[in-house]
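> Dumping the structure here so I can ask a few things about it.
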Amino acid sequence: MATESTIEWLRPQRADGSLMPGHTGNLWWGCEEVHAGCRECYARKWANRHHKDKRLWDPERARRLVIKSIWDNLRSWQRAAQKAGEMHRVFGSMMDIYEKSMATVDWLDKDVYHEVEGVSVPLTTGFLRDRYLQTVVPATPNLWHLLLTKRPSNILKFSPPEWRTAPPQNVMFGTSISEPANLRLLDLLRAVPGRRFVSLEPQIAYIPELDLTGIDWLIVGGESGGLRRPFNPDWARRLRDISREQGVPFFMKQWDKVQPVPADLLIHEFPAYA
């Protein structure tokens with residue numbers, strides 16, 4: 001799926017009060033669960049509800065190609081952002097771009113192949129990732145690619161080698177954490193050159209202290225859905241205060257999509273584009 005997104009943290013406000021476009025663009029669907037924050041994964045539930053396809057989250061299951069027009073969409077979004085003189089954000093909501101390379105299947109569960117020097121070879125998510133990072137990112141300077149992963153140790157391994165010394169200006173690397181047990185992922189993210197953000201969503205436990213050194217943006221939110229785990233807004237208040245103390249933009253996304261976010265937490269701060 002690739003479309004204009006309703007995800008709030010993809011759509012900063014313009015000076016006139018209108019919202020910039022933000023886009024979700026997925027090269028594939030599917031991902032292996034990593035930590036406790038994955039338990040009620042919205043992407044898995046959405047795919048199962050609409051396409052009866054929860055298998056895509058199995059560890060060794062092939063990932064599904066969803067929409068071939070993603071490449072045309074990215075070019076179209078670049079043209080629109082360039083015409084507007086803006087940076088529009090893009091996020092892969094149904095995949096983890098830094099997951100290990102996996103085979104791909106189409107809607108009929110058939111393996112997908114492509115031609116390489118006249119030879120038909122299986123199409124993998126690794127090939128799609130390489131095409132995206134090596135070709136699309138440099139060709140879309142007006143798209144801000146938010147590369148969110150639960151596997152920050154793979155970022156340098158799977159990114160173009162030149163990014164180690166010259167990370168692209170239109171990329172922001174992020175990792176998802178949910179509780180104190182995941183905080184080790186921040187150190188792995190900090191090892192990646194470039195701009196970095198943390199998605200603390202869903203937050204499922206209190207985090208009293210958080211070192212945001214080297215982090216350029218913090219997004220916080222509770223879990224949604226019928227089996228959502230409890231969220232205490234005081235958890236977010238503590239993180240809001242930590243962000244202020246350390247000078248990091250803070251974005252409060254949601255409580256649980258049922259209860260309204262308290263007025264003192266209605267904070268939608270965005271990092272400035274470098």
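Values quoted throughout were computed directly from the atomic coordinates according to the rules given, and no laboratory measurement underlies them. What you are looking at is a predicted structure, and each value in this text was computed from that prediction instead of being measured. Note: ideal-geometry Cβ built from the backbone for every residue, glycine included; neighbour counts use all protein chains shown.
> Can you spot the aspartates and glutamates whose alpha carbon is less than 14 Å from Lys100's alpha carbon? Ignore those fewer than 8 places along the same chain.
Glu32, Glu33, Asp58, Glu60, Asp130
> Restricting to DSSP H runs of at least four residues, report the calculated mean residue ellipticity at 222 nm for the chain, -39500 (n - 2.57) per run over all residues, nearest 500 deg cm²/dmol.
Numbers: 6 runs with 57 residues, N = 274.
Result for the chain, helices only: -6000 deg cm²/dmol.
> In the neighborhood of Asp256, defined by Cβ-to-Cβ distances under 14 Å, what is the net charge if each Lys or Arg adds +1 and each Asp or Glu adds -1? Mind dumping the intermediate values first?
Values: positive: Arg228, Arg229, Lys253, Lys257; negative: Glu40, Glu201, Glu223.
Taking every other residue near Asp256 into account, the sum is +1.
> Let me ask you something else. Grab the alpha carbons of the stretch 168-274, take their convex hull, and tell me the volume per residue in Å³.
Working: hull volume 10.7 nm³, N = 107.
Cα convex hull per residue, to the nearest whole number: 100 Å³.
> Using θ = phi - 60° and the Karplus form 6.51 cos²θ - 1.76 cosθ + 1.60, what ³J(HN,Hα) does each residue of the stretch 90-104 get, whole Hz, x for Gly and Pro?
Result, ordered by residue: 10, 9, x, 8, 10, 8, 10, 5, 9, 6, 4, 5, 10, 5, 10 Hz.
> How much net charge surrounds Leu189 when only other residues with a Cβ under 15 Å from its Cβ are counted (Lys, Arg +1; Asp, Glu -1)?
Working: positive: Lys150, Arg151, Lys157, Arg164, Arg184, Arg190, Arg195, Arg196; negative: Asp96, Asp187, Asp211, Asp216.
Around Leu189, the surrounding residues sum to +4.
> Over the chain, what is the mean sequence separation of C-alpha contacts under 8 Å (at least six apart), divided by residue count, expressed as relative contact order in percent? Spell out each step's value before the answer.
Numbers: 517 pairs, mean separation 38.6, N = 274.
Reported as a whole number, the value is 14 percent.
> Just subtract the alpha-carbon distance of Trp107 and Gln82 from 0.36 nm times their residue separation and send over the number in nm, one decimal.
Working: separation 25, 0.36 × 25 = 9.00 nm, distance 3.38 nm.
Gain in length upon complete extension: 5.6 nm.
> For Met20, Met94, what ranking results if the residue with the fewest other Cβ atoms within 10 Å of its Cβ goes first? Provide the component values of the computation, followed by the final result.
Details: Met20 16, Met94 23.
Listing Met20, Met94 from fewest to most nearby Cβ atoms yields Met20, Met94.
> Using a 7 Å offset from the Cα along the Cα-to-Cβ direction at both Ala205 and Ala139, what is the distance between the two label points in nm, to one decimal?
It is 4.4 nm.
> Taking GluC sites (Glu not before Pro) that fall in a DSSP loop and have at most 13 other Cβ atoms within 10 Å as cut points, what is the longest piece of the chain between them?
Working: sites that count: Glu60, Glu117, Glu209.
Of all site-free stretches, the longest is 118-208.
> Using the Karplus equation 6.51 cos²θ - 1.76 cosθ + 1.60 (θ = phi - 60°), what ³J(HN,Hα) coupling, rounded to whole Hz, does each residue of the stretch 209-224 give in order, writing x for Gly and Pro?
Coupling constants for the stretch 209-224: 9, 8, 8, 9, 4, x, 9, 9, 6, 10, 10, 10, x, x, 8, 10 Hz.
> Here is a follow-up. Any chance you could tell me what percent of the C-alpha pair distances in the chain go past 26 Å? Mind dumping the intermediate values first?
Details: 15928 of 37401 pairs.
Value for the chain: 43 percent of Cα pairs lie more than 26 Å apart.
> For the stretch 223-248 and the stretch 161-181, what is the separation of their Cα centres, given in Å?
Distance between centres, Cα-based: 22 Å.
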